[in-house]
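Chemist: The following block contains the structure, expressed as structure tokens.
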Amino acid sequence: MTTTDNAVEQSAIDHSAAATSPTAADSGASASASFRSTSQYSGAGAVSDTARVDTLARALLGAVHQVISEHEVTYPEFQAAKKWLMDVGDGGEWPLFLDVFVEHAVEEVAARTQTGTKGTILGPYYLPEQVQLTSPATLPARPDEKGTPLLFRGQVTDTDGSPVPHAVLDIWQADEKGYYSGFAPDIPSGNLRGVVTTDDQGRFEIATIQPAPYQVPTDGPTGALISAAGWHPWRPAHLHLLVSAEGHRTVTTQLYFAGGEYLDSDVAEATKPELILDPTDAGNGTREVTYDFVLERN
Ligand code: DHB
Ligand code: FE
């Protein structure tokens with residue numbers, strides 16, 4: 001990627017953050033720009049084996065042909081699908097669409113060889129290089145940040161139970177309206193995002209707020225498909241985490257909230273029973289919860 005590409009993509013992100021009326025096109029395009037500039041996750045060079053490409057491309061096209069044949073897809077339906085696919089690209093919604101409807105299947109394959117804390121999807125709203133904090137930490141928030149205060153504590157150990165000193169929790173979440181900083185207008189950059197280093201016993205304490213459920217933008221092509229199919233566009237409230245430590249396999253995961261809406265009908269099919277927090281009342285309107293992470297050694 002050239003410097004110019006980076007500058008263009010960066011300005012796309014900044015533009016959306018400064019816009020005044022949120023649209024799906026904004027968050028979709030921001031997610032696209034973010035994906036392209038986060039080379040760590042772009043998988044560049046992952047697909048270089050001709051035989052593998054042949055196998056996967058053939059299987060994928062075969063699955064499409066099978067659906068067309070089995071469901072007797074008509075020409076008008078084929079042309080409508082073509083237009084919709086073009087709209088997803090034009091609106092920059094491919095990362096959004098793929099992370100909602102496809103990523104969980106890739107994660108389930110990765111999980112087959114993973115022990116320790118369960119992983120789940122990364123989603124399109126991760127941003128690297130956020131503020132570095134040391135536990136006990138408070139995530140950056142607006143002075144008038146809405147939402148129930150949450151104290152999130154725990155310890156990072158390895159699979160045989162020994163503490164992992166100075167493990168790192170890269171955490172990001174939506175606000176009390178379900179919006180992510182960097183992708184929605186009027187939220188300061190870096191809000192409710194932070195990279196927290198645990199103590200020398202792997203322990204952490206992070207003060208934040210409980211996020212709201214997240215709604216896939218309804219005004220773009222992804223939303224159009226969801227509504228045309230009669231589905232709902234919601235994900236249950238969640239915290240995102242990348243938990244890492246030297247010599248250990250990074251866990252990409254999310255934590256959900258017991259009793260929350262959409263836990264059993266996540267549009268992204270990314271919940272797991274092991275990933276549900278059940279915070280208790282800590283007085284003064286604050287909730288608290290303990291969750292321990294287990295990392296595999298490399
Ligand atoms: C999407 C959004 C999320 O917040 C998430 O965790 C997963 C997917 C999405 O809109 O693609
Ligand atoms: Fe999310």
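The values are calculated or read from the model by the stated rules, or taken from the named source; none is laboratory data. Here the structure is a predicted model, which means the values were calculated and not measured. Heads up, the Cβs are rebuilt from the backbone with ideal geometry, glycines too, and the neighbour counts pull from every protein chain shown. For the accessible areas, the whole protein counts, side chains as well, though only heavy atoms, and no ligand, DNA or RNA atoms are used. Shrake-Rupley method; radii C 1.70, N 1.55, O 1.52, S 1.80 Å.
Chemist: Tell me, which longest segment in the chain has none of the trypsin sites (Lys or Arg not before Pro) that fall in DSSP loops with at most 15 further Cβ atoms within 10 Å?
Modeler: On the way: sites that count: R112, K146, K177.
Counting at most 15 other Cβ atoms within 10 Å as exposed, the longest clean stretch of the chain is 178-298.
Chemist: Now for a separate question. Per-residue HN-Hα couplings for the stretch 224-229, Karplus 6.51 cos²θ - 1.76 cosθ + 1.60 at θ = phi - 60°, whole Hz, x for Gly and Pro?
Modeler: 5, 5, 4, 6, 5, 8
Chemist: Which residue fluctuates most in the GNM of the chain (Cα springs below 10 Å): T250, T120, T208?
Modeler: Evaluated over the chain, the most mobile residue of the options is T250.
Chemist: I would also like to ask the following. From Cα pairs below 8 angstrom and at least 6 apart in sequence, can you work out the relative contact order of the chain, rounded to a whole percent? Could you put the intermediate results ahead of the total?
Modeler: Numbers: 570 pairs, mean separation 66.5, N = 298.
Normalised by residue count, the contact order of the chain is 22 percent.
Chemist: What number comes out for accessible area per residue over the chain if the probe is 1.4 Å? Units Å², please.
Modeler: So the chain comes to 53 Å² accessible per residue, rounded to a whole number.
Chemist: So for V64, V106, V216, V294, what's the accessible-area order with a 1.4 Å probe, most first? Spell out each step's value before the answer.
Modeler: Numbers: V64 70, V106 95, V216 0, V294 45 Å².
These residues rank, largest area first, as V106, V64, V294, V216.
Chemist: Out of A81, A212, A282, any idea which swings most in a Gaussian network model of the chain, alpha carbons joined below 10 Å?
Modeler: A81
Chemist: Let me ask something additional. Give me the distance between the Cα centres of the stretch 201-221 and the stretch 240-275, rounded to whole Å.
Modeler: Answer, in whole Å: 11.
Chemist: A follow-up question, please. Once you place label points 7 Å from the Cα toward the Cβ at T138 and E72, how far apart are they in nm?
Modeler: 6.5 nm
Chemist: Longest span of the chain, sites excluded, free of GluC sites (Glu not before Pro) in DSSP loop with at most 10 other C-beta atoms within 10 Å?
Modeler: The longest such stretch corresponds to 130-245.
Chemist: Given the -39500 (n - 2.57) contribution per DSSP H run of 4+ residues, what per-residue ellipticity at 222 nm results for the chain, rounded to the nearest 500 deg cm²/dmol?
Modeler: -10000 deg cm²/dmol
Chemist: Where does each of F293, F78 land when they are ordered by accessible area, with a 1.4 Å probe and the largest first?
Modeler: If we order F293, F78 from most to least accessible, we get F78, F293.
Chemist: With bins 5 Å wide starting at 0, give me the P(r) of the stretch 6-295 over every alpha carbon pair, in whole percents.
Modeler: Percent of pairs per bin, in order: 1, 5, 10, 15, 17, 17, 14, 10, 6, 3, 2, 1, 0.
Chemist: May I pose another question? Under 10 Å, Cα contacts only: if you run a Gaussian network model on the chain, which one of I209, I68, I171 comes out with the highest mean-square fluctuation?
Modeler: Largest GNM mean-square fluctuation: I68.
Chemist: Please report how far the C-alpha centroid of the stretch 123-152 lies from that of the stretch 60-101, rounded to the nearest whole angstrom.
Modeler: 37 Å
Chemist: Straight distance only, please: which lysines reach the Cα of K118 with their own Cα at less than 26 Å, same-chain residues fewer than 8 apart left out?
Modeler: Cα-Cα hits under 26 Å: K272.
Chemist: Could you sort Y179, Y75 by accessible area so the largest value comes first, with the probe set to 1.4 Å?
Modeler: Y75, Y179
Chemist: Just to confirm the number: angle between the C-alpha axis of helix 3-18 and the first principal axis of the chain, 0 to 90 degrees, nearest 10?
Modeler: Taking Cα atoms only, the helix is inclined about 70 degrees.
Chemist: Taking the full set of protein chains and a 1.4 angstrom probe, give the accessible area of W94 in square angstrom, rounded to the nearest 10.
Modeler: 80 Å²
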